[in-house]
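Report on one structure; see the data block that follows.
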Amino acid sequence: MFFTKDGKNKLLTIICMALLLLMKSEVKAEVNGEELWLWPLPYDKGITSYHGERDIPVAGASSNHKGIDISAIEGTPIMATKSGDIVPMGYDRRMGNWTVIDHRDGTYSTYQHMQSHEIIKEGFVNKGDIIGYVGRTGNSTGAHLHFEIRIGEVGRAKEFYLMPPVNPLSYEYTNAPPNIIVEKEEPIQRKDNKNSMSKNIYPYPERIIYRNIPMMRGDDIKWVQTALCDLGYILVVDGFFGDISKTMLIQFQRDNNLVANGVCDESTLEKLNELTKTNEVLISQETSDVVSETIGVSKP
Ligand SMILES: [Zn+2]
């Protein structure tokens, strides 16, 4: 076959467009498979910092790492890990340019230290859509993506920082790089959050704690809540003993063969203390069901 120079260019354009269309339809197919997650970078240089406790890499960084750091060349496109509503969070001195996606199923993902905020979309994004580019804005030693997943109520992206983080590596990704070791554990089990430092600064409770009207409040309740959080029960550490705290405590009592009455008495306190020292309790399937009912979280 013979082509003029123009004809050749046209043919090339058509081939490129066909390829692009094919790629797009592949992404679409995955979206319909819903539960699958997408590794947020098409190419990277590996994970430089894992979820959980770590040595502080740069002054001001968190010693309890809420997500994972993926090293990549500056300008690498960042893709939505799952479809959902994108909520640009703007610029933060620590997180740099960052954004959150509400996946409409009780899971949220965040992308931090992005190069620029201007190109970021708003509204609904499909899994695989480019939502930004790897940068080094905020508190960062080099170009990388801080990627984090949290669990909370749908439609509350602005309260992202209040939600409990989960280890992103406890999920399976369709396109994870070969060096990624997925931790096959219940995503809401947070074994790596050994004895959170915050628990130590709250006083060990000296009173019996229970759901009362008005709600009991205090730092000793934060102690109980932090202990429950460390063991994987999902609640907010706010110092108020409300319905969610009570539900989670009852579940904890059930999981540990204590009297399941939601009253934090001496034996419950002792068990909480003992388990957060060794942190060996496994969250039961039943617990995740209770979580779903209580705060409207669907299981990841
Ligand atoms: Zn990080």
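Some points to look at:
- Scan of region 207-227 for residues that are under 15 Å from G262 (Cβ atoms), in contact with a Phe, Trp or Tyr (Cβ under 8 Å, 6 or more places away or on another chain) and surrounded by fewer than 22 Cβ atoms within 10 Å (Cβ to Cβ), ordered by number: Y210, R211, N212, M215, M216
- A Cβ distance below 7 Å, combined with a sequence gap of six or more or placement on separate chains, defines the contacts here; from region 231-258, residues that are on the phi > 0 side of the Ramachandran plot reach residues that are part of a loop (DSSP other than H, G, I, E, B) and buried (at least 23 other Cβ atoms within 10 Å of the Cβ) in the pairs G232/R190.
- Yes/no for G135 being assigned by TED's automatic domain parsing to the domain that holds H51, open to solvent by less than 10 Å² (accessible area, probe 1.4 Å) and farther than 23 Å from P164 by Cα: yes
- In region 89-107, the residue that is least open to solvent (accessible area, probe 1.4 Å) out of those that are assigned to a loop (DSSP other than H, G, I, E, B) and in contact (Cβ under 8 Å) with a residue 60 or more places away in the chain is G106.
- Close contacts from region 63-88, counting a first residue that is without any contact (Cβ under 8 Å) to a residue 40 or more places away in the chain and open to solvent by 10 Å² or more (accessible area, probe 1.4 Å) and a second that is away from the ligand (no atom under 16 Å from the Cβ) and of a type in the set (K, R), with Cβ to Cβ under 9 Å and a gap of 6+ residues or different chains, come to P88/K121.
- Helices (runs of 4 or more DSSP H) within region 205-300 that include 1 or more residues modelled with pLDDT of 90 or more: 219-230, 243-255, 266-278
- Residues satisfying the criterion are present in region 52-73 (criterion: away from the ligand (no atom under 16 Å from the Cβ), assigned to a loop (DSSP other than H, G, I, E, B), within 22 Å of W39 (Cβ to Cβ) and at pLDDT below 95).
The values are calculated or read from the model by the stated rules, or taken from the named source; none is laboratory data. Keep in mind it's a predicted model, so treat the numbers as computed, not measured. Reconstructed Cβ throughout: ideal geometry from the backbone, glycine too, with neighbour counts over all protein chains shown. For the accessible areas, the whole protein counts, side chains as well, though only heavy atoms, and no ligand, DNA or RNA atoms are used. Shrake-Rupley method; radii C 1.70, N 1.55, O 1.52, S 1.80 Å.
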